[in-house]
Amino acid sequence: MSAPLFVRAAVPTDGVQHARETFRQAFGSDATGVWSAPGRLNIIGEHVDYSGGPCLPIALPHRAYLALSARTDRKIRLVSAQSQAAVTLLDLDDIGPKRSAGEVSGWSAYLAGVAWALEEEYGRDHPGFDAALWSCVPQGGGLSSSAAIECSLAVALDEVWGIGLAGSSASPNGPGRTHLAHFAIRAENEVAGARTGGLDQNASLRCRQGHALALDCRDFSARDVPFDLAADGLEILIIDTQVSHSLADGHYAARRADCEEAARILGVHQLVDVDDVEAAMRALDSQRLRRRVRHVLSEIARTRAFGDLLDAGALTGTRRDVARLLLDDSHDSLRDDFEVSCPQLDVAVDTARAVGAYGSRMTGGGFGGSAFALVTPEITQSVTRAVADAYDARGWHSPRFIQARPSGPAAREDE
Ligand code: ADP
Ligand code: MG
């Protein structure tokens, strides 16, 4: 049996070099700059962002690197080292939302959409650009490779187009980056056509190294919460099931529609505004909607409790036991009430728990993608081995493993 496979993050100098090389090969010249943005792991607060709930992401050390040069006309040329497709040619004057004449297909929509959204606000008179991507964020793994590429371009255009919202990456959690995230969200919702809720882009632009971002999705206000895993004697082990999901497909939209319908029946703007859980349960006739609402409201409570736990100090002793309970309950609720898990996620989580993880849950949209476990360094190896064996025994594709630590936000990589 082969050894468990780890996906390691590129060191930044390598990421920069790969992006520059991809640019050189595609366009035959040197890029003027390289910008990068991280994927994210949501610790807790799943499927509550579009109901106005809180979430608690960290930025991953895995990032998308984007080499870019401005042009003198309005054309865009895009290339990615992770895509077989040839260079995509577009014109800033022709890009439009999904199902409009300017619809952009495939991965280019995530980037074209950022340029389109910025110009919706700042005018259609900016120079075009050539851009080359190189990313080590696994795609479709629930770790937000899409927001990583959007946000790498958002910080690049913010600088090249002289918009000036990003400010310093040393203090990323300010109003400028909150506003910048809004354009990456519009890109994904309107141009790429995936109705995601805003967690991913805010995480990629606003998470601080060594911290989780306690993000309130009602208004995207946020605060940094210290999350020094190494000092707490813990590691985060991500298990990428390699079961591909697509957020643009119907499942995600169906769950979102359920939440919107329940909010309408309950007479609230968003489910976060429900204050009497028992009364809400009685008011809903549909079993399905009751289960959906029970997940959302219990997950909101768990997420707030987890933020308080991190505020209270290191995850040791009783606090570690409470963390385990909150993470485990989150998964069980996503599996049973929100029904967004799948056998590969459940086996990863059950196996990690059985080997002694301090909590394990699916993360991201679900239906595949990734789970993670809070582990001590001593058991990392036995968890990876046990999960790989469990997959092998069922004849499933081998999972991949990622070691995560709370990392820094989108930024210019070279000056
Ligand atoms: P996730 O964001 O969880 O990885 P999504 O389905 O939201 O999953 O986004 C994955 C999509 O993002 C890919 O199918 C592709 O279109 C695009 N993408 C992400 N990274 C890259 C990349 N390096 N090159 C080209 N496209 C990418
Ligand atoms: Mg995504």
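One line per residue, one yes/no per condition, for (1) modelled with pLDDT under 95; (2) more than 16 Å from ligand 2 (Cβ to nearest atom); (3) on the phi > 0 side of the Ramachandran plot:
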site	(1), (2), (3)
127	no, yes, no
136	no, no, no
140	yes, no, yes
147	no, no, no
152	no, no, no
164	no, yes, yes
177	no, yes, no
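Residues in region 97-125 that are open to solvent by less than 30 Å² (accessible area, probe 1.4 Å), without any contact (Cβ under 8 Å) to a residue 40 or more places away in the chain and assigned to a loop (DSSP other than H, G, I, E, B): 102, 123. Of the set (1) farther than 23 Å from residue 9 by Cα; (2) among the charged types (D, E, K, R); (3) crowded, with 23+ Cβ neighbours inside 10 Å, all apply to residue 392 but (3).
Filtering 308, 350 for residues that are open to solvent by 30 Å² or more (accessible area, probe 1.4 Å), closer than 21 Å to residue 54 by Cα and not assigned by TED's automatic domain parsing to the domain that holds residue 56 leaves a single hit, 308. Do the conditions hold for residue 353, that is, is it basic (Lys, Arg) and under 15 Å from residue 236 (Cα atoms)? Answer is yes for this residue.
Just to verify a result, which residue in region 359-369, among those that are touching a strand residue (DSSP E or B) at 6+ places or on another chain (Cβ under 9 Å) and modelled with pLDDT under 95, is nearest to ligand 2 (Cβ to nearest atom)?
Among them, the one singled out is 364.
Taking the listed residues 401, 338, the one that is aromatic (Phe, Trp, Tyr), open to solvent by less than 40 Å² (accessible area, probe 1.4 Å), within 30 Å of residue 293 (Cα to Cα) and at pLDDT 95 or above is 338, with no other qualifying. Which ones in region 184-210 are more than 13 Å from residue 411 (Cα to Cα) and away from ligand 2 (no atom under 16 Å from the Cβ)? Matches in region 184-210: 210 only.
Residue 146 - would you say it is polar (S, T, N, Q), open to solvent by 10 Å² or more (accessible area, probe 1.4 Å) and either within 10 Å of residue 187 (Cβ to Cβ) or touching a residue at least 60 places away in the same chain (Cβ under 8 Å) (or both)? Criteria met by residue 146. Residues that are in contact with a helix residue (DSSP H, G or I) (Cβ under 9 Å, 6 or more places away or on another chain) and open to solvent by less than 60 Å² (accessible area, probe 1.4 Å) were ranked within region 225-239; the one that is farthest from ligand 2 (Cβ to nearest atom) is 233.
Within region 228-261, the set of residues being at pLDDT 90 or above and touching a Gly at 6+ places or on another chain (Cβ under 7 Å) comprises 228, 240, 241, 243. Yes or no: region 272-289 includes at least one residue that is under 23 Å from the mean Cα position of the chain (by Cα), surrounded by 14 or more Cβ atoms within 10 Å (Cβ to Cβ) and either at pLDDT 95 or above or not hydrophobic (A, V, I, L, M, F, W, C) (or both). The answer is yes, given that some residue of region 272-289 is under 23 Å from the mean Cα position of the chain (by Cα), surrounded by 14 or more Cβ atoms within 10 Å (Cβ to Cβ) and either at pLDDT 95 or above or not hydrophobic (A, V, I, L, M, F, W, C) (or both). Among residues of region 168-191 that are in a loop (DSSP other than H, G, I, E, B), those with a beta-carbon under 6 Å from a residue that is among the charged types (D, E, K, R) and open to solvent by less than 10 Å² (accessible area, probe 1.4 Å) at least six positions away or on a different chain give the pairs 172/206; 173/206. Residue check: residue 356 meets all listed conditions (1) in contact with a strand residue (DSSP E or B) (Cβ under 9 Å, 6 or more places away or on another chain); (2) on the phi > 0 side of the Ramachandran plot; (3) open to solvent by 10 Å² or more (accessible area, probe 1.4 Å); (4) within 16 Å of ligand 1 (Cβ to nearest atom) but one, namely (4).
The residue of region 359-378 that is farthest from ligand 1 (Cβ to nearest atom), among those that are free of Cβ contacts under 8 Å to residues at least 60 places away in the same chain and buried (at least 19 other Cβ atoms within 10 Å of the Cβ), is 359. Going through region 134-167 one residue at a time, which ones are within 14 Å of ligand 1 (Cβ to nearest atom) and assigned to a helix (DSSP H, G or I)? 145, 146, 147, 148, 149, 150, 151, 152, 153, listed by residue number.
Flag not set for residue 36, criterion: away from ligand 1 (no atom under 16 Å from the Cβ) and among the polar types (S, T, N, Q). Restricting the first member to region 49-60 and to residues that are aromatic (Phe, Trp, Tyr), and the second to residues that are open to solvent by 10 Å² or more (accessible area, probe 1.4 Å) and in a helix (DSSP H, G or I), the beta-carbon pairs closer than 6 Å and six or more apart or on different chains are 50/256.
Evaluated against (1) more than 26 Å from residue 70 (Cα to Cα); (2) crowded, with 19+ Cβ neighbours inside 10 Å, residue 185 falls short on exactly one condition, (1).
The values are calculated or read from the model by the stated rules, or taken from the named source; none is laboratory data. Keep in mind the model is a prediction, meaning the values are calculated, not measured. With ideal geometry, Cβ positions are generated from the backbone for all residues, glycine too; neighbour counts draw on all protein chains shown. Ligands, DNA and RNA are stripped out before the accessible areas are found, and what is left, the full protein with its side chains, is counted by its heavy atoms. Shrake-Rupley method; radii C 1.70, N 1.55, O 1.52, S 1.80 Å.
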